[in-house]
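The values are calculated or read from the model by the stated rules, or taken from the named source; none is laboratory data. On a predicted model such as this, the values are computed, not experimentally measured, just so you know. Cβ placement follows ideal geometry from the backbone for every residue including glycine, while neighbour counts extend to all protein chains displayed. Surface accessibility is based on the protein's heavy atoms, side chains included, excluding ligands, DNA and RNA. Shrake-Rupley method; radii C 1.70, N 1.55, O 1.52, S 1.80 Å.
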Amino acid sequence: MRISNDTNPSNELNILRGRLPEWVAASKLQCKGGKVASYIPELSKAPGGALGIHIVDAHGNTATAGDCGLSFTMQSISKVFTLLLALIDNGEDVVFDKVGMEPTGDNFNSMLKLELVQPGIPFNPLINAGAIAISSLIAGDTAEEKSDRTLAFFRKLSRNDSLNYDLAVYESEAEFADLNRSMAYFLKDNGVLKGKVDDVLDVYFRHCSINATCSDLARMALVLAFDGTDPISGTELVPRRYVQIAKTFMVTCGMYNASGEFAIEVGLPAKSGVAGGILTMVPGRYGIGLVGPALNPKGNSIAGVHLLETMSKELDWSLF
Ligand code: GLN
């Protein structure tokens, strides 16, 4: 990927700096039509009217607007990065022996197809069942070692050594996880999970509860936008092939069962989480992190999706 030597903000970034406040204000009006997630009780404390965004380019120039100082747990956004770590640890053959490559069209926490479609492996690594399978593939002798390695990887990609767990969310998720637990036992019985179910779930709950801000998501997205190399330091952090796999899953499955509509309306690889975060990118140009805790019925930030639709249309960002 060619990185320009001109370190000044581009015209487009200057346009973004000028127009983001008005676009964020318009999208914020959507918040009242959404709902903050409450099936993990601790998440219900998030401010439903908030919306913030942080955009970073290859030289570290930024454009921000709204409530971009809000911190929130990564939730399903973390699944993109545990997939990358599992690929680094095991290679493609081992990983895709345990999870498929196809969208489901079902909710992120559905286990319907596990029994319906043989060989009974999760359809993809971004639904809950798939991400739980991926957690069991992360290298480490104990759950603690796997989680330590995961957190270290997330810190390296975000360039933020103080990235850490929100323990209140972690405990809340572990307590109210009957569906994820039943899925994990089912996967264990199908021969998909290695190790003890409780240990695998602990790794999964921990990575979902890593706390971040929009700027952390933007820095992590920037590495994906530049095919695995952090353009600011020039360091290769993830092999290009694995980033290509992750970005493809983001396009086909990253916004749950709204991924098709998002591809049409926005046209960028993206991953959302139930705490209201969205990580996306304009490949070769920007990493983008945003948060808006009020969700639409498909589980994506209602105002966040609206804001991305506006930006992509105004700036002609769709890849398609
Ligand atoms: N931790 C959440 C869960 O397992 C992640 C789901 C999400 O962000 N969609 O339900």
**Study point:** Hits in the range 172-187 - residues which are basic (Lys, Arg) and surrounded by fewer than 14 Cβ atoms within 10 Å (Cβ to Cβ)
**Key:** none
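May I ask you to list the residues in the range 83-102 that are more than 20 Å from residue 190 (Cβ to Cβ) and either touching a Gly at 6+ places or on another chain (Cβ under 6 Å) or not small (Gly, Ala, Ser) (or both)?
Within the range 83-102, 84, 85, 87, 88, 89, 92 meet the criteria.
Residues in the range 88-137 that are within 16 Å of the ligand (Cβ to nearest atom) and either open to solvent by less than 50 Å² (accessible area, probe 1.4 Å) or closer than 25 Å to residue 202 by Cβ (or both): how many?
In the first step, residues of the range 88-137 are kept if they are within 16 Å of the ligand (Cβ to nearest atom); the result is 99, 103-112, 114, 122-136.
Cutting the leftovers down to either open to solvent by less than 50 Å² (accessible area, probe 1.4 Å) or closer than 25 Å to residue 202 by Cβ (or both) gives us 99, 104, 106-111, 114, 122-136.
Residues in the range 88-137 being within 16 Å of the ligand (Cβ to nearest atom) and either open to solvent by less than 50 Å² (accessible area, probe 1.4 Å) or closer than 25 Å to residue 202 by Cβ (or both): 24 in total.
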**Study point:** Residue in the range 243-255 that is over 23 Å from residue 64 (Cα atoms), open to solvent by 20 Å² or more (accessible area, probe 1.4 Å), polar (S, T, N, Q) and at pLDDT below 95 present
**Key:** no
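Okay, residues lined up against (1) within 19 Å of residue 71 (Cβ to Cβ); (2) modelled with pLDDT of 95 or more; (3) more than 12 Å from the ligand (Cβ to nearest atom):
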position: 139; (1), (2), (3): no, yes, yes
position: 155; (1), (2), (3): yes, yes, yes
position: 173; (1), (2), (3): yes, yes, no
position: 191; (1), (2), (3): no, no, yes
position: 194; (1), (2), (3): no, no, yes
**Study point:** Selected residue (criterion: nearest to residue 95 (Cα to Cα)) from residues of the range 138-151 that are open to solvent by less than 40 Å² (accessible area, probe 1.4 Å) and in contact (Cβ under 8 Å) with a residue 60 or more places away in the chain
**Key:** 138
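Considering only residues that are in contact (Cβ under 8 Å) with a residue 40 or more places away in the chain and assigned to a helix (DSSP H, G or I), look in the range 30-67 and name the one that is nearest to residue 219 (Cα to Cα). Even if it seems obvious, please write down each step before you answer.
Just the residues of the range 30-67 that are in contact (Cβ under 8 Å) with a residue 40 or more places away in the chain, to begin with: 30-37, 39-43, 46-67.
Narrowing further to those that are assigned to a helix (DSSP H, G or I): 30-33, 41-43.
Numbers: 30: 26, 31: 25, 32: 29, 33: 30, 41: 29, 42: 26, 43: 24 Å.
This residue is 43.
Which of the residues that make up the range 27-50 are within 16 Å of the ligand (Cβ to nearest atom) and either among the hydrophobic types (A, V, I, L, M, F, W, C) or buried (at least 19 other Cβ atoms within 10 Å of the Cβ) (or both)?
Across the range 27-50, the qualifying residues are 34, 36, 37, 40, 42, 43, 46.
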